[in-house]
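Contents: one structure, followed by commentary.
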Amino acid sequence: MEPTNTGFPWKALLIGIVMASLVIAASLVVIKYSNTRPVVQGFTAVNGVSNIPCGATLADGEKLYSMIAHRNLTNTEDGKKDLNDLKNLLAKLACMKRDLLSPSGLISAEKELRFCTYSDIQSSAETTARCLSKQIPERDLEIQFEKWRLYGNDLILRLCTDARLREDEVVVIEKLFNSLCKDVYDVAKIKCLTGVPVDHDGSPRDPAKYMAPELKNLSDYEGYNSKYF
């Protein structure tokens, strides 16, 4: 009869220790870097992480924000607030461009952006939805972009004054902002003002197409008739 092997399973124990060590090491790395941000090189963050929502879609927006964000904005009380407002405005332009160019035709990038009474006629998501359904007049689109452009230039002027930038630096930043506004507007005109409109019966923004149900059974109007004429 062969003797039973009663030796301690050192090999299995060693494998278990190695695996546990790897798990612990990985956990420590995750914990250590959980509250850090990617290193920014120039104006674009590595690994596609942006300082503004949808920033990868609008590279000039990321560049513009970085040109101001690292400056000292403590000379006035509104410096940080103005910077946050500029960030939100750039996010609207960037996310609108992303949604307009999305093959899905769905509004996803803009759905979390907040409405601003100073610069928005309506939420940017609603503007884009009307664009994609070809239900927005050219004049409405023009007014919205003009409000964004004027508001953005006003924010930039206040921020540059707060940061005490040189005049030539201010000119560069203003040109960059106006250029990116034109970029998104050109995309919007192509997507919003060309093609066949999607028919939405009873749209409150197109009252000419709406007819109350009680009027649908009336006979056609053939002019006013009077027994005196």
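The values are calculated or read from the model by the stated rules, or taken from the named source; none is laboratory data. Owing to the predicted nature of the structure, the values given are computational and were not obtained by experimental measurement. Because the Cβ atoms are built from the backbone with ideal geometry, glycine has one as well, and the counts that use them run over all protein chains shown.
Values as computed for the structure displayed
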{"read-out": "Conditions (1) closer than 14 Å to V184 by Cβ; (2) out of contact with any Cys (no Cβ under 8 Å at 6 or more places or on another chain); number of the one not met by K80", "value": "(1)"}
{"read-out": "Top-ranked residue of the stretch 122-160 - restricted to ones that are among the β-branched types (V, I, T) and modelled with pLDDT of 90 or more, ranked as farthest from L100 (Cα to Cα)", "value": "I156"}
{"read-out": "Of all residues making up the stretch 61-76, the number that are of a type in the set (K, R) and assigned to a helix (DSSP H, G or I)", "value": "1"}
